[in-house]
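The values are calculated or read from the model by the stated rules, or taken from the named source; none is laboratory data. Source: prediction; values computed, not measured. Cβ placement follows ideal geometry from the backbone for every residue including glycine, while neighbour counts extend to all protein chains displayed.
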Amino acid sequence: MSGADEPGTGRDAIVATAGQLAEAEGWAAVTTRRLAERADIDLGTFYECFADRDAVIAAVAVRGFADLAATLGAARTAVDRPPEVWPAVMAAYLDFAYANPEVYDAMFAHTPELILGAEQVPETVAAAFGELRAALSALAAGRDADTLAELGWSLLHGMVMLTRGGRLRPEAQEQREHLLARHPLNLL
């Protein structure tokens, strides 16, 4: 088997493999043995990189926040009219969450230590929050931009989780998204 220092192996390979395996089969299928086998490393190398499965899930979450921040940043900078920034970022957020449900769960359900307001929050979590803040700051109108971003994130997260759980009317999804995209000041 490969060593931890060879390209494509070790920590990065384990994180990538964990995310792929979780998306394909769910987090219950992600075990240390399966990760080592799929990443083509031995268990000793696995444990040199991670203390346990929970540490891998946390690493997947941190990488997920990096991917989300990049996605939101690309959406934010792709539009040149301020009124279109929030709708573009909102759509990118929802697309990311629905396309990556298991990584999204790692980010929000399996890693309670990743707290937005914490002083020691990973840079990738802060970057994702920063993109939401940047998208909503033009709409702040004298209100605290951080609080507005927290509320915006809460609305998006709630929509994702309730939609994925089948708790919202499917026929009203487009209307909900339109209201949140076009009228955030009325909702926030």
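Scanning the range 95-113 for residues that are crowded, with 19+ Cβ neighbours inside 10 Å and either at pLDDT 95 or above or touching a Pro at 6+ places or on another chain (Cβ under 8 Å) (or both) yields 96, 97, 100, 102, 103, 104, 105, 106, 107. Identification of helices (runs of 4 or more DSSP H) wholly contained in the range 1-59 with 1 or more residues that are modelled with pLDDT of 95 or more and closer than 23 Å to residue 123 by Cβ yields 11-25, 43-49.
Looking only at residues of the range 116-126 that are of a type in the set (A, V, I, L, M, F, W, C) and either within 13 Å of the chain's Cα centre (by Cα) or under 14 Å from residue 60 (Cα atoms) (or both), we find that the one that is surrounded by the fewest Cβ atoms within 10 Å (Cβ to Cβ) is 116. Being in contact with a Gly (Cβ under 6 Å, 6 or more places away or on another chain), buried (at least 20 other Cβ atoms within 10 Å of the Cβ) and either assigned to a helix (DSSP H, G or I) or of a type in the set (Gly, Ala, Ser) (or both) is not true of residue 85.
Exactly one residue out of 139, 151, 156, 132 is part of a loop (DSSP other than H, G, I, E, B) and either surrounded by 12 or more Cβ atoms within 10 Å (Cβ to Cβ) or of a type in the set (Ser, Thr, Tyr) (or both): that is 139. Only residues that are in contact with a strand residue (DSSP E or B) (Cβ under 9 Å, 6 or more places away or on another chain) and loosely packed, with under 15 Cβ neighbours inside 10 Å were counted in the range 17-41, giving 1.
In the set (1) over 18 Å from residue 177 (Cα atoms); (2) touching a residue at least 40 places away in the same chain (Cβ under 8 Å); (3) under 10 Å from the mean Cα position of the chain (by Cα), the condition left unmet by residue 97 is number (1). Candidates are the residues of the range 62-82 that are part of a helix (DSSP H, G or I) and free of Cβ contacts under 8 Å to residues at least 12 places away in the same chain; the one that is nearest to residue 153 (Cα to Cα) is 70. Would you mind stating whether residue 171 is part of a helix (DSSP H, G or I) and either over 26 Å from residue 28 (Cβ atoms) or in contact with a Gly (Cβ under 9 Å, 6 or more places away or on another chain) (or both)? Yes.
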